Amino acid sequence: MEIAKNHSKEEFRSITEEKKNWPVLYHFSPFRENIVEWIPLSKEDKVLEVGSGCGAITGTLAKKAGSVTCIDLSDKRSQINAYRLQNTDNVRIMVGNFKDVETALERDFDAIMLIGVFEYGIAYIDTDNPYEDFLRILLKHLKPGGRIYIAIENKMGLKYFAGCTEDHAGRYFEGLEGYPGGGVARTFTRKGLEKIFHACGVEEYSFYYPYPDYKFPHTIFSDEILPKKGELHDNIRNFDRARMILMDETKVFDTVIEEEEFPLFSNSYLAIIGPEVKQKLIKYSNDRDDKFGICTTIEKENDGYIVKKRAVSDASLAHIAAIENAYHDLCIRFDGCQVSFNKCQRIAPDTLSFEFLPGITLEELLDDALRKNDKDAFMAFFKRYEDIVSYNESEPVTDYDLIFQNILVNGDEWSVIDYEWTVSETIPAREMIQRALWCYIQGNQNREVIKPWCLPENDFGNVVNREKEFQRKVQGNHPALSVIRHVIGKAAFSLDYMLTESGDFQHAIQIYEDFGNGFSEENSYFVTDYLQTGKEVSVQIPLKSGLKRLRIDPGNKPAIVIVRALQTGTTDLSYLLSKKDFLKRDTNGKRLLSNGYLFTNNDPHFAFSIPQNLISDSEEVKINLQMRIEQLSADAASYLN
């Protein structure tokens with residue numbers, strides 16, 4: 001309530017980053033809006049939002065539509081929504097149970113929104129078939145030719161198999177087991193939703209697949225454009241509870257995609273009842289500095305498709321203009337080269353259009369050659385790539401993101417389909433090639449085999465340092481959502497750790513690696529192979545290429561941790577824990593001795609930067625960390641705090 005009363009929408013993103021709190025993130029993150037921001041609405045449209053809550057999406061609907069009517073059971077949440085909308089004049093909020101309030105509603109809404117609401121139909125409608133009856137009531141209020149939008153979790157979503165708790169019940173496998181614990185929410189598979197639709201006489205509908213889920217989606221797929229292998233790698237995205245990691249979700253998604261079963265295992269659905277919409281893929285790139293925020297869509301047009309890139313705010317209009325200029329500059333530099341750039345043209349002040357080109361990405365072709373163990377084919381593709389990057393390399397214009405996944409191959413025709421990050425400077429071709437290899441290898445550890453083929457010196461040179469600067473430019477002062485998840489502090493326990501003999505979570509030692517983009521669960525692992533004598537623990541931590549910082553979590557219980565040794569070979573690194581800002585920035589503990597720390601919380605950790613002279617691409621270097629870990633009871637921790 002305080003945030004809604006006293007802060008503007010423009011401040012919400014910074015507030016969610018500062019609070020490091022799940023409820024604040026959930027209700028105020030601008031990324032909640034991604035699920036509806038793209039939906040085709042105009043100022044001629046009337047919208048009904050059922051279950052509007054604190055208004056996470058109401059403001060976006062009000063900006064797009066002529067009028068918005070909200071219904072919510074909670075008076076307090078409705079007040080919060082009203083404060084958020086105090087400068088808006090096209091919204092009315094009705095407070096009460098849906099079945100009581102709906103009798104006063106008109107029957108000519110162009111769009112009805114149920115974003116995270118349909119699953120609660122059993123709480124709204126007290127009948128034998130609450131979900132069918134809920135939908136029948138909604139259909140009465142829909143204008144002919146209008147649409148109902150239902151965003152909901154899939155009870156067979158892969159994240160539930162992989163170790164996330166069910167979103168509403170908070171219990172493992174609850175939906176998969178048919179909700180044995182009861183509760184007031186039910187989610188459905190696609191077939192389950194289709195049965196409800198058919199029972200209500202609905203035949204015109206389509207399904208979309210928000211990824212990672214509908215709460216904070218950055219990509220929304222459709223049946224016409226489904227994800228490709230290797231594309232779904234942003235999976236540690238539950239913010240509110242601890243989870244297990246029972247599988248590598250990216251690899252399992254690859255199998256699911258290969259077997260053409262993605263709709264069955266998508267984490268969420270966006271079901272649209274009513275006429276088809278032309279948008280078939282929606283991708284948001286707004287988890288970055290506001291001046292670079294864009295939305296990319298692939299839209300159906302006549303018998304084909306068209307690609308559009310649109311600024312999501314006035315702050316990113318200049319970025320749209322820069323992409324248009326980049327197209328012209330790159331065409332001049334690469335004139336006469338065996339590559340083309342996807343034609344770009346301005347169709348609105350905030351929007352560019354591009355051709356939808358046929359083909360397969362160079363990254364996919366390289367992966368296919370690797371799977372077939374065909375080094376000659378791989379190197380033939382790579383050699384042509386080298387020739388392209390080296391063409392007129394002295395010219396002061398460079399597509400910094402000219403990596404394998406941004407090149408589309410159709411027979412002998414090669415086209416660059418994304419040149420968003422073009423800079424007016426000369427970057428040596430060798431460095432660009434090294435970055436492309438680095439990005440490729442980062443995407444899948446199985447690709448490491450190519451290093452001696454393409455990079456005999458085994459050295460990425462200045463790539464990592466430049467990449468860190470690039471990511472800092474893109475993100476600005478905003479941390480990525482994966483970093484926010486990390487600082488909220490919900491644990492993620494790996495299967496390897498749970499299969500150790502002790503199986504005792506309180507002794508879990510987790511290592512986080514920062515390669516220039518901050519700490520996140522995706523770049524972390526639990527140590528399962530370490531020496532332990534009583535309370536003395538010795539851990540070997542490898543220093544990987546490109547590593548900038550390490551964070552050590554010596555358990556998930558309050559503790560006193562005494563660092564006995566921190567060294568690599570004969571080089572003492574304990575001074576890294578004595579730097580000026582260490583206690584302010586790099587640990588949440590209190591120093592007891594020169595090498596001892598008191599942690600009174602359930603997330604003890606300390607971090608330090610890696611001296612770059614220690615890292616070698618030609619030999620394995622490890623840090624030896626020796627600690628004494630004295631676990632504390634909750635009472636002792638509370639007293640010492």
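Summary table
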quantity: Whether segment 165-241 is rounded, prolate or oblate, judged on the alpha carbon gyration tensor where a/c under 1.5 counts as rounded; calculated: oblate
quantity: Cα-centred dipole magnitude for segment 317-455, charges only on beta-carbon of K, R (+1) and D, E (-1), debye, nearest 20; calculated: 340 debye
quantity: Within-14-Å neighbourhood charge of Val389 [Cβ basis; K, R +1; D, E -1]; calculated: -2
quantity: Residues in segment 64-82 that a label on Asn97 would reach, taking backbone N under 16 Å of a point 7 Å out along Cα→Cβ; calculated: 72-75
quantity: Separation in nanometres of the label points that stand 7 Å from Cα toward Cβ, at Asn392 and Ala322; calculated: 2.1 nm
quantity: Amide H contacts under 5 Å for Asp401, placed H, 5+ residues apart; calculated: Trp421
quantity: Length gained when the stretch Gln471-Met247 is fully extended (0.36 nm per residue, less Cα-Cα span); calculated: 77.8 nm
quantity: Three principal axis lengths of segment 286-459 [C-alpha, angstrom, descending]; calculated: 47, 39, 35
quantity: Alpha-carbon centroid distance for the pair segment 174-240 / segment 44-117, whole angstrom; calculated: 23 Å
quantity: Inverse mean reciprocal Cα-Cα distance (Kirkwood Rh) of segment 494-640, Å; calculated: 15.8 Å
quantity: Anisotropy class of segment 547-598 from Cα gyration tensor, a/c 1.5 cut; calculated: rounded
quantity: Label zone at Glu11 (point 7 Å along Cα-to-Cβ), backbone N below 18 Å, segment 76-103; calculated: 80-88
quantity: Length-normalised contact order for segment 286-459 - Cα pairs under 8 Å, 6+ apart - percent; calculated: 19 percent
quantity: Positive minus negative residues near Leu593 (Lys, Arg vs Asp, Glu; Cβ under 15 Å); calculated: +3
quantity: Computed lengthening from Lys76 to Ile332, 0.36 nm per intervening residue step minus Cα-Cα distance; calculated: 86.3 nm
quantity: Cβ-Cβ FRET estimate between Met379 and Lys278, R0 fixed at 30 Å, reported to 0.05; calculated: 0.10
quantity: Fraction of beta bridges assigned by DSSP in the chain that are antiparallel (%, nearest 5); calculated: 80 percent
quantity: The chain, relative contact order [Cα under 8 Å, separation at least 6], %; calculated: 9 percent
quantity: Residue-wise HN-Hα coupling along segment 415-431, computed from phi with Karplus coefficients 6.51, -1.76, 1.60 (Hz; x: Gly, Pro); calculated: 10, 8, 9, 8, 10, 4, 9, 8, 10, 8, 7, 9, 10, x, 4, 4, 5
quantity: Lys, Arg +1 and Asp, Glu -1 on Cβ, resulting dipole of the chain about Cα centre, debye, nearest 20; calculated: 1940 debye
quantity: FRET E, pair Tyr639, Glu231, Förster distance 60 Å, beta-carbon r, rounded to 0.05; calculated: 0.75
quantity: Selection from Ser353, Ser266, Ser524, by position along the positive dipole direction of the chain (Cβ); calculated: Ser524
quantity: Under 5 Å, built H, 5+ apart or other chain: amide partners of Met247; calculated: none
quantity: Gain upon complete extension [Val621, Asp108; 0.36 nm per residue less C-alpha separation]; calculated: 177.9 nm
quantity: For segment 354-433, size of Cβ-based charge dipole, Lys and Arg +1, Asp and Glu -1, in debye; calculated: 340 debye
quantity: Förster-model FRET efficiency, 51 Å R0, Glu448 and Glu44, C-beta, rounded to 0.05; calculated: 0.35
quantity: Alpha carbon convex hull of segment 17-144, projected area averaged over orientations, nm²; calculated: 8.2 nm²
quantity: Cross-link reach list, lysines versus Lys99, counting only Cα pairs under 24 Å and skipping chain neighbours closer than eight places; calculated: Lys46, Lys76, Lys140, Lys143, Lys195
quantity: Descending semi-axes in Å of the chain, equivalent ellipsoid built from Cα gyration tensor; calculated: 41, 35, 23
quantity: Nearby lysines by direct alpha-carbon distance to Lys490 (threshold 24 angstrom, same-chain neighbours under 8 apart not counted); calculated: Lys19, Lys20, Lys155, Lys159, Lys215, Lys251, Lys548, Lys557, Lys584, Lys590
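Since every read-out is calculated from the coordinates, none of them should be taken as a lab result. In this text the structure is predicted, and so the values were computed from the model without any measurement. Positions of Cβ are generated from backbone atoms using ideal geometry, with glycine treated the same way; all protein chains shown enter the neighbour counts.
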